[in-house]
Amino acid sequence: MTAFRFTRAASAALLAATCAASAFAWEPTKPVELVVPAGTGGGADQMARFIQGVVAKNKLMAQPLVVVNKSGGAGAEGFLDVKGDPGNPHKIVITLSNLFTTPLATGVPFNWRDMTPVSMMALDQFVLWVNEESPHKTAKAFLDAVKAQPANTFKMGGTGSKQEDQIITVMIEKAAGKKLTYIPFKGGGDVAVQLVGKHIDSTVNNPIEAESHWRAGKLRPLCVMDKVKMPYKAKLTATMAWQDVPTCASAGLPVDYTMLRGIFMPPGVTPDQLKFYVDLLAKVRALPEWKEFMEKGAFNQTSMSGAEFSDWLGKTEQLHRTLMKEAGFIVN
């Protein structure tokens, strides 16, 4: 009887140890580099640093996340760094839609399939912004003013060249039948500051890049480039919440575009290594801090991983190929 009790206890201990081991089939053994293929202050940089902070605060990972900006070549520097480090599970990259645009615009030897998709964290919005002192109170008034002025009169600021902001600028140009002067800056934070200083006439900044300037009474949102209005009801100014910003289509500007905020790993990682990050990011998205971050940045809270994410990536790549071709941005 004694031997049986020992065996049963030993079996229970072995089972517990096995379960514990399976729960952590793999985890980082050294600091993890979180690559940002964009400049500082923009939406991707802000999300990366937020993830870094909440992972540390909530002790979701034993090793630290270290954010590294590699913005050269419209993000190609960051993407090629990750592509060129096969099998390294201690490196992840936050992606925006330059995942699709940069290879098409530059011919750099890179495709999203050269990395391992982990998770879509959210879709980011684009808002048409003007300075608070601008005479244009609505998207239609802005569009009418562009139509009425000589070509290249209006200055549109954006992040980078032949990327999301300039693609949207081309969409606005087509709606107006008039060219804008597009002025590229290194990051979304710089773009917002330029609009505050009236060095440009408009931007299509992501909400999080201009939110603080809106609160401060420096900038005015005219419309959001999504199919539906943003759901967030908390007032950011005395009179307006994100929910009060109309869709561009409903406001007379036929432009519709959202941007990826996703996480990838290098190629050649193991299923256990991939699962660790899928699970880690699911824990991040479950945090109350994440929900607050989503509301502050007025994100479209679509998330996915696995085959669903890969299917979405393939379809969105084709959409960008079409948009880039129409804009004349594909390298010969």
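Read-outs: derived from the displayed coordinates by stated rules, not from any lab. What you see is a predicted model; the values in this text were computed from it and never measured. Cβ placement follows ideal geometry from the backbone for every residue including glycine, while neighbour counts extend to all protein chains displayed.
Listed values, structure above:
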read-out	value
Taking the chain and dividing mean pair separation by its residue count, relative contact order in percent (alpha carbons under 8 Å, at least six apart)	25 percent
Exposure proxy order (Cβ contacts within 10 Å, fewest to most) of F100, F309	F309, F100
Full-stretch length increase - R321, H90 - with 0.36 nm per residue and alpha-carbon distance subtracted	80.0 nm
Residue-wise HN-Hα coupling along the range 100-113, computed from phi with Karplus coefficients 6.51, -1.76, 1.60 (Hz; x: Gly, Pro)	9, 6, 4, x, 5, 7, 10, x, 4, x, 8, 9, 4, 6
Using θ = phi - 60° and Karplus 6.51 cos²θ - 1.76 cosθ + 1.60, couplings along the range 241-252 (whole Hz; Gly, Pro as x)	10, 4, 4, 7, 7, x, 5, 4, 4, 6, 9, x
Computed lengthening from K186 to E132, 0.36 nm per intervening residue step minus Cα-Cα distance	17.1 nm
Percent RCO, i.e. relative contact order, over the range 127-244, from Cα pairs under 8 Å lying at least 6 residues apart	34 percent
Fraction of antiparallel bridges per DSSP, the range 127-244 only, in percent to nearest 5	50 percent
Hits among lysines - C-alpha to C-alpha of K147 under 30 Å, sequence gap 8 or more where chains match	K137, K155, K162, K174, K178, K179, K186, K198, K218, K227, K229, K325
Gain on full stretching of the segment that runs from T153 to A25 - 0.36 nm per residue minus C-alpha separation	40.2 nm
Separation of the A234 and T270 label points, Cα + 7 Å toward Cβ, nm	4.2 nm
Computed over the chain, Kirkwood Rh from alpha-carbon pairs, angstrom	21.2 Å
Between helix 43-57 and the chain: long-axis angle, C-alpha atoms, 0 to 90°, nearest 10	30 degrees
Rounded, prolate or oblate (a/c below 1.5 giving rounded, otherwise prolate when a/b exceeds b/c) for the range 127-244 by Cα gyration tensor	prolate
